[in-house]
Amino acid sequence: MPELPEVETVRAGLERWVSGRTIASVEVMHPRAVRRHLAGASDFAGLLAGRTILGARRRGKYLWLPLDSGDALLGHLGMSGQLLVQPVEAPDETHLRVRLRFTDGGRELRFVDQRTFGGLAVDPGGAELPHPIQHIARDPVDPLFSDTEFIARTRSRRTGIKRALLDQSLISGVGNIYADEALWRSKLHWARPTETLTRPAVALLLASVRGVLGDALLAGGTSFDSLYVNVNGESGYFDRSLAVYGRRDEPCPRCGTPIRRDPFMNRSSYTCPRCQPRPRNARW
DNA sequence: CGCGCCTCCTGTGTGC
DNA sequence: TGCACACAGGAGGCGC
């Protein structure tokens, strides 16, 4: 699933392959892919045609392409979204949702999304920071991310620490996979009440978050050397580096205890029962 | 207002 | 063999 490292890999690919190019035409094959563009698919296409893409930016798991009109093409990959740069003659993907062709006649940009949780929209005047994502917190690799503020806000929460990590208005870019990995590195259980964490404990957790995101980013960088804008987060190279996520009953890399899976928010949490014992005052 | 549950969606895997 | 169902999960929206 695309979390910050995967989305950053895509952003770098867009910067390389579509920045500076002018959009000729836009084809929306599935209306759900542009459902966040409330004015509809034809309005979406009309705002893009003739516009030049100035760059590729990211906040957390959101991507946007600033346009020469001052608008932004905003995108979220959801769980299965891909932005692919393909030769115009390449056959359509099964789940192709949106196609952008360019005036130079070169490779086209395709939004492909099996489960359609992702989508694209044009935000008028949003080139600097699209309006729909102004509530999204800075991500922990953003130079302007405030550690002090994050620590204070986390400790003032009244929830479990994993819920806090997944809250994109507190810290963005972290999803289920990297939350579990960071908690394991910090030896914290997912149900640990946020208000019982000391400042140093939250600081250590933040360092773990940055560590796991950075490691994944390095792995993503190595695989991103093709003509594609690679978004294959689910079967990625970083799988081998995961300590706990998806590893039920396998030995903890630190102590050998079998990894445990717990239901959490209609999904899963993976922990080492020995390194990350469940707190008595568990909160979830 | 803070918190937490529900829902959107479809392909894959599993058990009977 | 085929069917039913659990599961994967980001994030907006809404209820309490």
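The values are calculated or read from the model by the stated rules, or taken from the named source; none is laboratory data. Note that the structure is a prediction, hence the values are computed from the model and not measured. Reconstructed Cβ throughout: ideal geometry from the backbone, glycine too, with neighbour counts over all protein chains shown.
Miscellaneous remarks
Table: residues versus (1) in contact with a Lys or Arg (Cβ under 9 Å, 6 or more places away or on another chain); (2) charged (D, E, K, R).
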site: A:Thr103; (1), (2): yes, no
site: A:Gly119; (1), (2): yes, no
site: A:Pro124; (1), (2): no, no
site: A:Ala137; (1), (2): yes, no
site: A:Pro143; (1), (2): no, no
site: A:Asp147; (1), (2): no, yes
site: A:Ala191; (1), (2): yes, no
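- Residue selection: A:Val244 satisfies the criterion of being at pLDDT 85 or above and surrounded by 21 or more Cβ atoms within 10 Å (Cβ to Cβ).
- For the criterion of being away from DNA strand C (no atom under 12 Å from the Cβ) and in a loop (DSSP other than H, G, I, E, B), A:Leu129 passes.
- Among the residues of segment A:239-257, those identified as touching a residue at least 12 places away in the same chain (Cβ under 8 Å) and either touching a strand residue (DSSP E or B) at 6+ places or on another chain (Cβ under 8 Å) or within 16 Å of DNA strand B (Cβ to nearest atom) (or both) are A:Val244, A:Tyr245, A:Gly246, A:Arg247, A:Arg248, A:Cys252, A:Thr257.
- Some residue of segment A:190-204 being away from DNA strand C (no atom under 16 Å from the Cβ) and within 16 Å of A:Asp139 (Cα to Cα): yes
- Residue among A:Ile53, A:Ile136 that is closer than 25 Å to A:Val212 by Cβ and either hydrophobic (A, V, I, L, M, F, W, C) or modelled with pLDDT of 95 or more (or both): A:Ile136
- Test: residue in segment A:99-118 that is of a type in the set (Ser, Thr, Tyr), within 14 Å of DNA strand C (Cβ to nearest atom), part of a loop (DSSP other than H, G, I, E, B) and in contact with a helix residue (DSSP H, G or I) (Cβ under 8 Å, 6 or more places away or on another chain): yes
- Looking across segment A:258-284, the residues that are assigned to a loop (DSSP other than H, G, I, E, B) and more than 16 Å from A:Leu242 (Cβ to Cβ) come down to A:Met265, A:Asn266, A:Pro273, A:Arg274, A:Pro277, A:Arg278, A:Pro279, A:Arg280, A:Asn281, A:Ala282, A:Arg283, A:Trp284.
- Here A:Val88 qualifies as of a type in the set (A, V, I, L, M, F, W, C), in contact (Cβ under 8 Å) with a residue 12 or more places away in the chain, surrounded by fewer than 18 Cβ atoms within 10 Å (Cβ to Cβ) and more than 16 Å from DNA strand C (Cβ to nearest atom).
- A:Leu120 within 16 Å of DNA strand B (Cβ to nearest atom) and crowded, with 23+ Cβ neighbours inside 10 Å: yes
- Meets criteria (away from DNA strand B (no atom under 16 Å from the Cβ) and more than 21 Å from A:Gly13 (Cβ to Cβ)) for A:Glu108: no
- If you check A:Ile133, A:Ile151 for being among the β-branched types (Val, Ile, Thr), more than 21 Å from A:Val244 (Cα to Cα) and out of contact with any strand residue (DSSP E or B) (no Cβ under 9 Å at 6 or more places or on another chain), only one passes: A:Ile151.
- Number of positions in segment A:138-175 that are closer than 16 Å to A:Gly60 by Cβ, of a type in the set (A, V, I, L, M), part of a helix (DSSP H, G or I) and more than 15 Å from DNA strand C (Cβ to nearest atom): 0
Matching residues to (1) surrounded by fewer than 16 Cβ atoms within 10 Å (Cβ to Cβ); (2) more than 11 Å from DNA strand B (Cβ to nearest atom):
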position	(1), (2)
A:Ile133	no, yes
A:Asp142	yes, yes
A:Ile151	no, yes
A:Ser156	yes, no
